Amino acid sequence: MMNSLFAEVHARKARLFVPRWLAAAVLVVGIAPAVVAAEARPQLQRFVDDVQSATGRFTQQVVNTQGTPRQLQEGEFAFQRPGRFRWETLKPYEQIVVSDGKVLRQYDPDLLQVTERPVDASIGASPAAILFGSGSLEDAFELTEQGERDGLSWLRAQPRNADAGFAHVDIGFAQGTPSRLELLDAFGQTTRITLTDIVANPKLPGDAFQLDVPADVDIVKMQ
């Protein structure tokens, strides 16, 4: 971000890409009944089968193709199968992305704008298929074990659809808990996400996946 004008334009564009990879973070929350150093693949499958909802906190940071990290973001999340999640960035700026299972809404308070798009169009062959889908993981992804790194057991999910918008997502497990995610996007940038304070299968309020915005906010509908 070389000057204020470029920074603002870049920030707005970056926020529009959030739903493409956001569910990748959501998909790796939860606790699976496994042990340290167990293979990651069965841990992920058990997570998909057993964890129907979760809440927690996250940090995320994008590293560009030159290896330069952008500003760290922090926030809270919740999800519930099938197809519902809330990903709320609290720092350094506020942003809320919510799916009620039918429509995905992205609210940027400082831009006074809500972007809406159908969940099917937003998710497609993204890693969200792991979270929201009920079929075989192999239908949408090629899954390969990546061994041990940084004390975690890693699994790589590579989309079978060439138009998915990302190259692969690596999921790191510790003691049966998916706790880190590294997503390589189509532009060669890596999004690194760490999940903490995870609660699996909590009872969530009925309005957890609703979005209330002021009346003067612009709503942009996308297909």
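Taking the residues in segment 16-62 that are polar (S, T, N, Q) and assigned to a helix (DSSP H, G or I) as candidates, determine which candidate is modelled with the highest pLDDT.
Step one: filter segment 16-62 for residues polar (S, T, N, Q), giving 43, 45, 52-53, 55, 59-61.
Those left that are additionally assigned to a helix (DSSP H, G or I): 43, 45.
Working: Gln43: 81, Gln45: 76.
Applying the filter and picking the extreme gives Gln43.
Quick one: is Pro214 within 25 Å of Gln73 (Cβ to Cβ) and within 19 Å of the chain's Cα centre (by Cα)? Lay out the reasoning, then the answer.
Numbers: within 25 Å of Gln73 (Cβ to Cβ): yes; within 19 Å of the chain's Cα centre (by Cα): no.
Answer is no for this residue.
List pairs: first residue in segment 139-162 and touching a residue at least 24 places away in the same chain (Cβ under 8 Å), second residue part of a helix (DSSP H, G or I) and among the small types (Gly, Ala, Ser) anywhere in the structure, Cβ distance under 7 angstrom, at least six positions apart or on different chains.
Close Cβ pairs (under 7 Å, with a partner that is part of a helix (DSSP H, G or I) and among the small types (Gly, Ala, Ser)) amount to Glu145/Ala40; Ser153/Ala40; Trp154/Ala40; Leu155/Ala40.
If you go through segment 175-205 one residue at a time, how many are of a type in the set (Gly, Ala, Ser) and buried (at least 16 other Cβ atoms within 10 Å of the Cβ)?
Total satisfying the criteria: 3.
Those residues that are modelled with pLDDT under 90, surrounded by fewer than 21 Cβ atoms within 10 Å (Cβ to Cβ) and not in a helix (DSSP H, G or I), I need them from segment 107-126; list them, please.
Arg117, Pro118, Gly124, Ala125
Output the number of residues of segment 39-76 satisfying the condition of being without any contact (Cβ under 8 Å) to a residue 60 or more places away in the chain and under 16 Å from the mean Cα position of the chain (by Cα).
5
Could you list, in sequence order, the residues of segment 65-90 that are at pLDDT 95 or above, in a strand (DSSP E or B) and either of a type in the set (A, V, I, L, M) or within 20 Å of Lys221 (Cβ to Cβ) (or both)?
The one that is at pLDDT 95 or above, in a strand (DSSP E or B) and either of a type in the set (A, V, I, L, M) or within 20 Å of Lys221 (Cβ to Cβ) (or both): Leu90.
Any chance segment 91-106 includes a residue that's modelled with pLDDT under 95, surrounded by 15 or more Cβ atoms within 10 Å (Cβ to Cβ) and among the aromatic types (Phe, Trp, Tyr)?
Checked against the condition, which is being modelled with pLDDT under 95, surrounded by 15 or more Cβ atoms within 10 Å (Cβ to Cβ) and among the aromatic types (Phe, Trp, Tyr), segment 91-106 yields no hits at all.
Residue pairs, Cβ under 6 Å, 6 or more apart or interchain, first in segment 109-129 and under 15 Å from Gly165 (Cα atoms) and hydrophobic (A, V, I, L, M, F, W, C), second outside any loop (DSSP other than H, G, I, E, B) and modelled with pLDDT of 60 or more. List them.
Ala125/Pro159
Given the structure, is Ala129 in a helix (DSSP H, G or I), in contact with a helix residue (DSSP H, G or I) (Cβ under 8 Å, 6 or more places away or on another chain), more than 30 Å from Pro214 (Cβ to Cβ) and at pLDDT below 90?
Here the answer is yes, as Ala129 does meet what is asked.
The values are calculated or read from the model by the stated rules, or taken from the named source; none is laboratory data. Computed from a predicted structure; not experimentally measured. In this analysis, Cβ positions are derived from the backbone assuming ideal geometry, glycine residues included, and neighbour counts consider all displayed protein chains.
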